[in-house]
């Protein structure tokens, strides 16, 4: 899976939980889920669970704590998929 | 963990404690009961001259029994006098089917959907004494223990 495909899938997962539409329009690798998209911590958990299902991977607590930006999330997904 | 101990760890008190007893509790779910006292403060205003238990109070009862008592049980090893419980309701979606009148006793039954990354999500329903469905829905909360420095 290319990074672009991955980003596309991640964008679709994140969409229902976004509170800041402006932030979502400008979504890029630097986007921070909490600060730019105003997603709360409970919905961040839903995103992680959706990521697990979509990519068939398991996210542990340490990885979860780092999954605060698009960039970090893509990196973690790639690492897990290649593991 | 004894069920009385769980109730004692709840961060609520009168007039906002809506748990009388936990009937069953396990890693998968919980059931408990509560009787709405006929002199409860909200009956004075909901409704004028026609006391009916407000839906938000039914939802709160489902959350206290179905998510918070359950969460305390799931976190039992981590709770101590140094590690206090911190909770927050994060979402709920509830459908209501029947009214609950003053003095009615209800049973709440909750099943775990998941408990991951400190978020507990449950399917919760409430039944009256005739075992009729009063309301049902999904309730989620964040539940963690924190050092009291």
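Data overview
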{"item": "Inter-site label distance for residue B:52 and residue B:81 at 7 Å from Cα along Cβ, in nm", "result": "4.8"}
{"item": "Relative contact order of region A:3-82, pairs being alpha-carbon contacts under 8 Å that are 6 or more residues apart, as %", "result": "31"}
{"item": "For peptides B:131-143, A:12-24, B:113-125, sequence by mean Cβ density within 10 Å, most packed first", "result": "B:113-125, B:131-143, A:12-24"}
{"item": "Label-point separation in nm, residue B:146 to residue B:88, each point 7 Å along Cα→Cβ", "result": "0.9"}
{"item": "FRET efficiency for residue B:138 and residue B:44, using Cβ-Cβ distance with R0 set to 30 Å, rounded to 0.05", "result": "0.45"}
{"item": "C-alpha long axis of helix A:41-55 to longest principal axis of chain A, angle in °", "result": "40"}
{"item": "Test item: B:105-116 mean partner chain Cβ contacts at 10 Å", "result": "1"}
{"item": "For chain B, alpha-carbon Rg relative to the globular expectation (2.2 N^0.38 Å, N residues)", "result": "1.03"}
{"item": "Kirkwood Rh (inverse of mean 1/r, distinct Cα pairs), the protein assembly as shown, angstrom", "result": "19.7"}
{"item": "Estimated inter-spin distance, residue A:82 and residue B:130, nm [label 7 Å along Cα→Cβ]", "result": "6.4"}
{"item": "Taking N as its residue count, the alpha carbon Rg of chain A over 2.2 N^0.38 Å", "result": "0.98"}
{"item": "Label zone at residue A:30 (point 7 Å along Cα-to-Cβ), backbone N below 18 Å, region A:61-81", "result": "A:68-75"}
{"item": "On Cα atoms only, tilt of A:70-82 relative to the major axis of chain A in degrees", "result": "20"}
{"item": "For chain B, calculated [θ]222 nm from helices alone, where every DSSP H run of n ≥ 4 adds -39500 (n - 2.57)", "result": "-3500 deg cm²/dmol"}
{"item": "Chain A: angle of helix A:3-14 to the longest principal axis, Cα-based, in degrees nearest 10", "result": "60"}
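Only the coordinates and a few stated rules stand behind these numbers; no lab work does. Computed from a predicted structure; not experimentally measured. FYI the Cβ positions are ideal-geometry reconstructions off the backbone, even for glycines, and counts take in every protein chain you see.
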